[in-house]
1. Rounded to the nearest 10 degrees, what's the angle between the helix E:85-99 long axis and the longest principal axis of chain E, both from Cα atoms, 0 to 90?
2. Residue by residue through segment A:189-194, which ³J(HN,Hα) values in whole Hz follow from phi under the Karplus form 6.51 cos²θ - 1.76 cosθ + 1.60 (θ = phi - 60°), with glycine and proline marked x?
3. Based on alpha-carbon positions alone, could you give the equivalent ellipsoid semi-axes of segment F:156-217 from the gyration tensor, as √(5λ), descending, whole Å?
4. If you count, for every residue in B:204-212, the Cβ atoms of partner chains within 10 Å of its Cβ, what is the mean?
5. Using protein chains only and a probe of 1.4 angstrom, how many square angstrom of D:S163 are accessible, to the nearest 10?
6. One decimal, nm, shortest first: give the distances between the label point of D:N148 and those of the same position in the other copies, each label point 7 Å from Cα along Cα→Cβ.
7. Size of segment C:1-86 along its principal axes in angstrom, Cα-based, largest extent first?
8. Would you pull out the residues with amide H under 5 Å of A:M65's amide H, same chain only if 5 or more places away, H placed 1.01 Å from N?
Protein chains: 6
Amino acid sequence: MRPSGRESGALRAVSLTPGAARHAEGSCLIRMGVTEVLCTASVEGKVPPFLRGQGQGWVTAEYGMLPRATHTRGDREAARGKQSGRTQEIQRLIGRSLRAVTDMKAMGEMTVTIDCDVLTADGGTRCASITGAWVALHLAFEHCRRMNILTRNPLRDQVAAVSCGVWQGTPVLDLDYAEDSKADADANFVLTGAGGIVEVQGTAEGAPFTDAELLALLGLARSGTAELFARQREAVGL
Amino acid sequence: MRPSGRESGALRAVSLTPGAARHAEGSCLIRMGVTEVLCTASVEGKVPPFLRGQGQGWVTAEYGMLPRATHTRGDREAARGKQSGRTQEIQRLIGRSLRAVTDMKAMGEMTVTIDCDVLTADGGTRCASITGAWVALHLAFEHCRRMNILTRNPLRDQVAAVSCGVWQGTPVLDLDYAEDSKADADANFVLTGAGGIVEVQGTAEGAPFTDAELLALLGLARSGTAELFARQREAVGL
Amino acid sequence: MRPSGRESGALRAVSLTPGAARHAEGSCLIRMGVTEVLCTASVEGKVPPFLRGQGQGWVTAEYGMLPRATHTRGDREAARGKQSGRTQEIQRLIGRSLRAVTDMKAMGEMTVTIDCDVLTADGGTRCASITGAWVALHLAFEHCRRMNILTRNPLRDQVAAVSCGVWQGTPVLDLDYAEDSKADADANFVLTGAGGIVEVQGTAEGAPFTDAELLALLGLARSGTAELFARQREAVGL
Amino acid sequence: MRPSGRESGALRAVSLTPGAARHAEGSCLIRMGVTEVLCTASVEGKVPPFLRGQGQGWVTAEYGMLPRATHTRGDREAARGKQSGRTQEIQRLIGRSLRAVTDMKAMGEMTVTIDCDVLTADGGTRCASITGAWVALHLAFEHCRRMNILTRNPLRDQVAAVSCGVWQGTPVLDLDYAEDSKADADANFVLTGAGGIVEVQGTAEGAPFTDAELLALLGLARSGTAELFARQREAVGL
Amino acid sequence: MRPSGRESGALRAVSLTPGAARHAEGSCLIRMGVTEVLCTASVEGKVPPFLRGQGQGWVTAEYGMLPRATHTRGDREAARGKQSGRTQEIQRLIGRSLRAVTDMKAMGEMTVTIDCDVLTADGGTRCASITGAWVALHLAFEHCRRMNILTRNPLRDQVAAVSCGVWQGTPVLDLDYAEDSKADADANFVLTGAGGIVEVQGTAEGAPFTDAELLALLGLARSGTAELFARQREAVGL
Amino acid sequence: MRPSGRESGALRAVSLTPGAARHAEGSCLIRMGVTEVLCTASVEGKVPPFLRGQGQGWVTAEYGMLPRATHTRGDREAARGKQSGRTQEIQRLIGRSLRAVTDMKAMGEMTVTIDCDVLTADGGTRCASITGAWVALHLAFEHCRRMNILTRNPLRDQVAAVSCGVWQGTPVLDLDYAEDSKADADANFVLTGAGGIVEVQGTAEGAPFTDAELLALLGLARSGTAELFARQREAVGL
């Protein structure tokens, strides 16, 4: 029995609330169990210097955590004067994941900045961020269509993410904080609606893991993201 | 008629939701109209170096705004590597306001850090932060009582804040963003339950204001905070 | 009897020395008792990005303290790599106060940067900075007139500041460092020559203050600034 | 035919030069084709604060690139005042990879800091860093044994890394810079001598990759690291 | 004829005002022509970590320039968030120069921090800083003697500095800003009362200089510092 | 007998390896005994803002040390977030020394950035940097000639540097680390092929030095650089 009492292949309770941020062109509040991330998509009609004049767009992401999203208060990164390595790693991952399913040529010279801010943390915040960010991005693109800034939605596919781990020898889906801290190994999978792998990041905390375990985790992730894709479609009305 | 359609002495719709942050010792989500601030109080059993060994506690505050809390996206302070002057000014104000009603001797060697994070901004975020922070602080102290860390709640009084302004020659209560940007002058008042003035910060954006106007604004603030004090008492069950 | 031995409504000895900085377009060394602040105004023929092309000017301020301006040496902010919250709060206040009496349209696309550097600190440095800065700014504008860069002086009025406080229940004018650290409450008032209130910043360090005390402090400030306005006029030859 | 002319399963020419840094307790200059990384291991008789008094050691890593290691000069991170997200991501990966094969209890209270500095970059610098760092770490631990600071070498196994990618539909081993920039997907594998997976980081730059491709890349990585493990053993005289 | 009209071996008008900073243990305002530097010496009863427990003291220096000390306003280093290379170079030079004539064993575990802040700049600020700093340091040590913190003054000798340069082929003493910017070469000499060379920093801006020129500049510096030593002795009452 | 066993006028074994960095337009690995510095010259077709439109070029330098170039590991400046005062002083010196022998008008609007990175440190790294950097710069200019970017090499002369010191009363050439840390005084001389002095930086660590000693050190430096100039010519094929 895993600590959460869930079955090995069960996701936590998931909810995706579109439009949770009043001012953003697109937004989504995602809850995975206790974990809660507010994702917003902000549209700006220009691109970073390295892309200027190339007739294409850009999608980028920033990630943050409220100081008391966690069990004990963490430093406020703005007060400390720099983002941690972990924060930078996560925001780079979110950005890459969304760009993998976006037709940036179809965007024209426009930047969408995704902000993922963790209101409550209980494990899996980077995966929840990606899943929620896709909804925010989709809604922002739809907003641009309604404003006649875009003629079609540049998203080519869905993208969602989930973490899996090996807990006492058993592969399990969607680790919460208590499980994550005791797992032997864990892996985050970012998958597309069509079944492709966009990112896989596996890390053995204790014993290294085997090829068979990696495949088992991938299988769990595929079934978990199937449910997440359905929730994303509901949230954006597809 | 003021832009919001409210009468000159009317507050926006106010709600104070205690316990909005799962992990914090005390917390409150305050809404003043569209403005929404999550206030948490985190307790730590030590004091800053300048107070060590003096047998008293400390209350301090940090303030932040999600990048897309505003109409157009603002820079993330953590990414820019420093907090703006405005942010620092506000968090110093919140800290001073709470310390003014706290018996720091009664706390023992303990620090409470208040985090006020603006989820949605529509004017008056610093005042809403103070009003909500008092609730979070009260609840954190009650938590310490239940844990037998404190024998009594060190809060001596309530504290709440509201902004007032002169709009087309008329003093009005509780400016929203649209009103604030057009007001001739505005003033933030931090008042205690007993009626004392803890802080007053008045700034003439356009024409300087007169003594009579300052007094009129103070009168409005006193009636506005009376309502806020009632809401705070409800929120903490007093 | 207040610590300084002064009567409740007495300013410290004031002197304003125009032209104290050889290279600046305008400058003033202000002394309020022991407190000594060198104020310079530097003119540059362009405006910050947010104002470009709008045909108006800008006045901004920076504030600093020599490390040994104080009784014990403070950190050099340049060595520490950032300005404190207090410094930023003060320089924002100085800038706002001067802009409140400047016709920025009449400046054309020009920026005046005011530097207020405290050579000796004994309380009241932010107020002295504002009072001295007005002289420096006036002289810089006059310099621009002589150079035919401006046809008239864009200052619409004088502005000066003074701090007041409640000392053992008595409202007193122009706190020095020893008085400031023992006062129950203190307030800084920035007033115009015409009698308007540009800024009021009142803070209760100990017991909150009452409406009557606030008014009494404002009355003292008004009489104190009357004297400061006279000194400013002398300094600039009006 | 891949750009480098190598067969799909061929590594670049590899050389590992132990003792390349005169002052370090352990060091190794690794060359993978043109890529050249100097790895040093520095021993210090204390641990970071979060581990004090727990009787265990720590292994950590830092990574850097000489400004002109690359085809066009990059900014010097020390001059810019911060390490990029990429640098932080890589140095965290190197540290985790080495800790996965180190018995930190057997180290006692000692920290080994690995520095991986890229002298010439031509793709695969993070993987080369890990492979070379293991040699430097092994030599540093042997140095401690000779100095009677350790009674046995705390390394439990070897660890090495290699990048693989999908190039025009074909899985290929050990991408150089030209191949990496054109690959559809690439994955870095960190494997142990015993065959376990310590880290896998796969990223689809263009089209997402399939399960079969992931497995094919893993297979290539396993054969590539077999050769790297042999070279490591030669370099340390096992 | 040199630009300043002075003869080749003439110093500018020099004045050294001891006690110019009210709060510091020792201070001196030095004027060399238009150049004006306020030097303070602050005593603290502890030493930096690398000297703890060695029974000796430390003398260190910091240097700054008011933003409008110069003809056109320079950036405020505190606002920019770092000290320039030039500033760091100068403050290191001042510190080394003073330590060269201080018996640090005789100080006990005490640090004296010298602050040299340029109020007006017209060339030669680093040299003036050293000459003035010696007076401030001497006075601070005398203060410690009066307080019975020291039994004797730890200064072993005087130290003073002057810049010389080659102007249109002629070696000249004590360059002002206009001369400095046109000189072919200039050199700063830090000399002791006993005639020893503590520091020499010569730089050819245009044509390199010859051995003969270097010697000629050294000769001028020796005569110039003779006058400065006399002024220092007057200032401290020796 | 000096610690190194060398005669007073003997350089350490010197080698200059041109082309040591594969990607740079010009490069040189210089070894002076154990000290080892990699110097690269990177050409960019534009100039810094302060030179734009003046039809001349610029030569600038950056300096760094690998963390374990030294006997005990030093902090990585990129991780600490700033360059030390020493680093900045050295890179400014390298830049000035090279500019002194470069005809910047002959460069056109082009910048050459010299990077000097110390791989192994054993004293004299700033001097070795200058000597090696000249070779890298020469080769980069020759590269530009071959590419028809320049019609002639803008270097007017050679420049090389060596440190000398007074060791137990005897002037000696080319201090290594052990000698440097025990010398009474040391001086770095930057000389041109034609015999001119570009920079002299003498510092008395212990007793001040005399005019005679300064001249003796200069004489040693002249004979030492004669050998270095020969090696530079060999390295660039002159």
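The values are calculated or read from the model by the stated rules, or taken from the named source; none is laboratory data. This one's a predicted model, so the numbers in the text were calculated from it and none came from an experiment. Don't worry about glycine lacking a Cβ; one is built from the backbone with ideal geometry, like all the others, and counts go over all protein chains shown. Keep in mind that these areas ignore ligands, DNA and RNA; they rest on the heavy atoms of the full protein, side chains included. Shrake-Rupley method; radii C 1.70, N 1.55, O 1.52, S 1.80 Å.
1. It works out to around 60 degrees.
2. With the stated coefficients, segment A:189-194 comes to 10, 10, 10, 9, x, 7 Hz.
3. Values: eigenvalues 97, 30, 15 Å².
Gyration-tensor ellipsoid for segment F:156-217: 22, 12, 9 Å.
4. On the way: counts 10, 4, 1, 5, 13, 4, 3, 7, 0.
Counting other chains' Cβ atoms within 10 Å and averaging over B:204-212 gives 5.
5. 10 Å²
6. 5.2, 5.2, 7.2, 8.7, 9.0
7. 56, 31, 26
8. Distant-sequence amide H within range of A:M65: A:V118.
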